[in-house]
């Protein structure tokens, strides 16, 4: 009876060790994916900042697409508008496929790494856009640069009006 008890305890311990090893290797594999190495991937274009917050696990990609810009209305103070769109996708042999819900429309993107940058191409378009990998501090710098750009443009318009 004592021997059976020891064998049972040893079996449970071995099972726990096996599960821990499997979990650790899965974590290491997820950590090696370049999507998980950056907080966000940013692109700034025509006074608008776009960024992807992405995570990859077990062949699936989840995250959000952010769009931030200033909206000016005559007679009112400019307002910074930020839109967030849910994103889902998967890993393919050529990179990634993202599906983004923008309102009632489902837009599909192909993405792949070109050096450290994430190249994103909308389905049906020829051109691709490079997104820079950044941490949270650098992302805040992009948003601050957008605010500074808007302030500078507003000042230039005011100066042209006065002179």
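Rule-based calculations on the coordinates, nothing more; no lab input. If you're wondering where the values come from, they're calculated on a predicted model, not measured in any experiment. Methodologically, a virtual Cβ is constructed for each residue, glycine included, from the backbone with ideal geometry; neighbour enumeration extends over all protein chains shown.
Neighbour counts of other C-beta atoms within 10 Å: give me 113, 98, 70 arranged from fewest to most. List each step's numbers first, then the result.
Details: 113 14, 98 22, 70 17.
Going from least to most buried by this count: 113, 70, 98.
Among 52, 109, 41, rank each residue by its count of other Cβ atoms within 10 Å, from fewest to most, as a rough exposure measure.
Details: 52 24, 109 20, 41 27.
By the 10 Å Cβ count, ascending, the order reads 109, 52, 41.
Express in nm, to one decimal, how much length is gained between residue 72 and residue 58 on full extension, taking 0.36 nm for each residue of separation and deducting their alpha carbon distance.
Details: separation 14, 0.36 × 14 = 5.04 nm, distance 4.32 nm.
That pair, residue 72 and residue 58, stretches by 0.7 nm at full extension.
So how far apart, in nm, are the two label points at residue 7 and residue 127 if each is 7 Å from Cα heading toward Cβ?
7.2 nm
Tell me, in nm to one decimal, what length is gained between residue 21 and residue 108 on full extension, where the rule is 0.36 nm per residue of separation less the Cα-Cα distance? The partial results should precede the final answer.
Values: separation 87, 0.36 × 87 = 31.32 nm, distance 3.62 nm.
Result for the pair: 27.7 nm of gain on full extension.
Quick one: check the C-alpha center-to-center distance for region 2-17 versus region 52-110, whole angstrom.
50 Å
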